[in-house]
Amino acid sequence: MRNAQEEEPPDPQLVRLDNMLLAEGVAGPEKGGGAAAAVSAATSSGGMSPDSSLEHSDYKSKLSQIRNIYHTELEKYEQACSEFTTHVMNLLREQSRTRPVSPREIERMVAIIHRKFSSIQTQLKQSTCEAVMILRSRFLDARRKRRNFSKQATEVLNEYFYSHLSNPYPSEEAKEELAKQCSITMSQVSNWFGNKRIRYKKNIGKFQEEANLYAMKTALGATQSEESPHTPNSTG
DNA sequence: CGCCATGATTCGCC
DNA sequence: GGCGAATCATGGCG
């Protein structure tokens, strides 16, 4: 305890950890709001599939589990820190009967103790962050759970894309309609069109066959304007 | 298993 | 906030 005397600025690593725990709703003020905010932040761009509410609540319960552990541990450390501090103060008080103890020395001791305990807290924060990251990658990274859309959904999307090939940018209303028809979210519709536009542009030749197919389909749909029960086309 | 298709995410731009 | 581009990670087929 004699060394480590120099004043260190706030550890950027620690600040980073604090920010992250706050963002994840682990270190936030209260339970419900924090976790919900973290989830909504994590799903801001990619909509979650509608059937993921079960996994979603699973995620929330696991996150609050992590949160509880974090808080009890943190509280334990803080309590231990203050207990140890008063203990050392008592020792110093005893020593002051036999030798001079300057206020500066007391100050220094307290600072050293706090530094030690805060380094322990940093470890706690680090492992908590790690746990949250693992949880997130398991539950919220939709890339790990990608499922191809149904053939019918892809058909609906392709029909729109190729019949609006000159301007394949569906409006909000159109996206909503497509999402409803395909039983997917609007974010997924946006993702699909984003991917489709860039991939179509990159290699128009590869999509020529597909383009012709859907051009023909819409042409047929326009002339027939009705579909018989057994034809596989679904121009609606 | 290797390869490509595909849905989702990230980053930079406006 | 939406978009293009690059990238990630999985699905699916041979």
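Answer yes if at least one residue in the stretch A:138-152 is modelled with pLDDT of 95 or more, surrounded by 14 or more Cβ atoms within 10 Å (Cβ to Cβ) and not hydroxyl-bearing (Ser, Thr, Tyr), and no otherwise.
yes
Output the number of residues of the stretch A:110-131 satisfying the condition of being farther than 30 Å from A:Gly25 by Cα and either without any contact (Cβ under 8 Å) to a residue 24 or more places away in the chain or assigned to a loop (DSSP other than H, G, I, E, B) (or both).
Adding up the residues that qualify gives 0.
With the structure loaded, tell me whether A:Tyr162 is at pLDDT 90 or above and within 10 Å of DNA strand C (Cβ to nearest atom) or whether it fails that test.
no
Any residue at all in the stretch A:176-190 that's without any contact (Cβ under 8 Å) to a residue 60 or more places away in the chain and touching a Cys at 6+ places or on another chain (Cβ under 9 Å)?
yes
Could you run through the stretch A:83-100 and say how many residues are surrounded by 13 or more Cβ atoms within 10 Å (Cβ to Cβ) and closer than 22 Å to A:Phe117 by Cβ?
The first filter runs over the stretch A:83-100 and keeps only residues surrounded by 13 or more Cβ atoms within 10 Å (Cβ to Cβ), leaving A:84-85, A:88-89, A:92, A:96.
Now restrict to residues that are closer than 22 Å to A:Phe117 by Cβ: A:84-85, A:88-89, A:92.
So the count comes out to 5.
Going through the stretch A:165-196 one residue at a time, which ones are surrounded by fewer than 17 Cβ atoms within 10 Å (Cβ to Cβ), more than 9 Å from DNA strand C (Cβ to nearest atom) and small (Gly, Ala, Ser)?
Those that are surrounded by fewer than 17 Cβ atoms within 10 Å (Cβ to Cβ), more than 9 Å from DNA strand C (Cβ to nearest atom) and small (Gly, Ala, Ser): A:Ser166, A:Ala174, A:Ser183.
Please tell me if A:Gly194 is near DNA strand B (Cβ under 8 Å from one of its atoms) and over 16 Å from A:Val156 (Cβ atoms).
yes
List the residue pairs whose Cβ atoms are under 8 Å apart, where the first residue sits in the stretch A:68-97 and is in the same structural domain as A:Gln126 (by TED's automatic domain parsing) and modelled with pLDDT under 90, the second is assigned to a helix (DSSP H, G or I) and hydroxyl-bearing (Ser, Thr, Tyr), and the two are 6 or more positions apart or on different chains.
A:Ile69/A:Thr128; A:Tyr70/A:Thr128
Does the stretch A:201-222 include one or more residues that are assigned to a helix (DSSP H, G or I) and within 10 Å of DNA strand C (Cβ to nearest atom)? I'd like the intermediate steps shown before the answer.
Our first condition is that a residue be assigned to a helix (DSSP H, G or I); within the stretch A:201-222, this holds for A:201-202, A:205-222.
Narrowing the set further to residues that are within 10 Å of DNA strand C (Cβ to nearest atom) leaves A:201-202.
Scanning the stretch A:201-222 turns up at least one residue that is assigned to a helix (DSSP H, G or I) and within 10 Å of DNA strand C (Cβ to nearest atom).
The values are calculated or read from the model by the stated rules, or taken from the named source; none is laboratory data. Owing to the predicted nature of the structure, the values given are computational and were not obtained by experimental measurement. For neighbour counting, all protein chains shown are included, and Cβ atoms are generated from backbone atoms with ideal geometry for every residue, glycine included.
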